[in-house]
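Asker: The following block contains the structure, expressed as C-alpha cells.
The values are calculated or read from the model by the stated rules, or taken from the named source; none is laboratory data. Just so you know, these numbers come straight off a predicted model, no measurement behind them. No Cβ is skipped: glycine too gets one built from the backbone with ideal geometry, and neighbour counts run over all protein chains shown. SASA here: full protein model, heavy atoms, side chains in, ligands and nucleic acids out. Shrake-Rupley method; radii C 1.70, N 1.55, O 1.52, S 1.80 Å.
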Amino acid sequence: METINEIESAVSRLSEQELAEFRNWFVDYDAKKWDAQFEQDVKSGKLASLAQKALENFRAGKVREL
C-alpha cells in the first residue's frame, strides 16, 4: 500500500484535468464512506441517544429555525 507521502507526491504531479477528475472521484468516494459509516452507526443504535435528546429538545421548544 502506498504511503501518504507517495500519494501526495503522485497528486502533485497530476495535470489540472487529472486533478479535477481525482478531486471529483475523491469527493464521491469520501461521501460514500461517510454514508456507509452513518448507516452503520444508525443500525447499531450508536446515534439513538442523540436522536432522543434532539426530540426532547424539539418537544420542549428548545429549538430555533435554521
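Asker: Please compute the modelled spin-label separation between Gln52 and Trp25, points set 7 Å along Cα→Cβ, answer in nm with one decimal.
Answerer: The modelled label-to-label distance comes out at 4.4 nm.
Asker: Using the Cα atoms as the points, what is the convex hull volume per residue of the chain in Å³?
Answerer: Hull volume normalised by residue count: 153 Å³.
Asker: Not counting ligands, DNA or RNA, and with a 1.4 Å probe, what is Leu19's accessible surface area in Å² rounded to the nearest 10?
Answerer: Taking all protein chains as shown, Leu19 has close to 50 Å².
Asker: Also, quick follow-up: Treating the beta-carbon of each Lys and Arg as +1 and of each Asp and Glu as -1, no other charges, what is the dipole magnitude of the chain about its Cα centre, to the nearest 20 debye?
Answerer: Dipole size: approximately 700 debye.
Asker: With a sphere of radius 14 Å drawn around the Cβ of Ser12, what net charge do the other residues whose Cβ falls strictly inside it have (Lys, Arg +1; Asp, Glu -1)?
Answerer: Combined, the nearby Lys, Arg, Asp and Glu give -3.
Asker: Would you mind calculating the gained length between Val63 and Gln40 on full extension (0.36 nm times residue separation, minus the Cα-Cα distance), in nm to one decimal?
Answerer: 5.6 nm
Asker: Let me check something: with ligands and nucleic acids excluded, how do Arg64, Arg59, Arg23 order by accessible area (1.4 Å probe), largest to smallest?
Answerer: From most accessible down to least: Arg64, Arg59, Arg23.
Asker: Still on this structure, please answer the following. Tell me, what is the per residue accessible area of the chain in Å², probe radius 1.4 Å?
Answerer: I get 97 Å² per residue for the chain.
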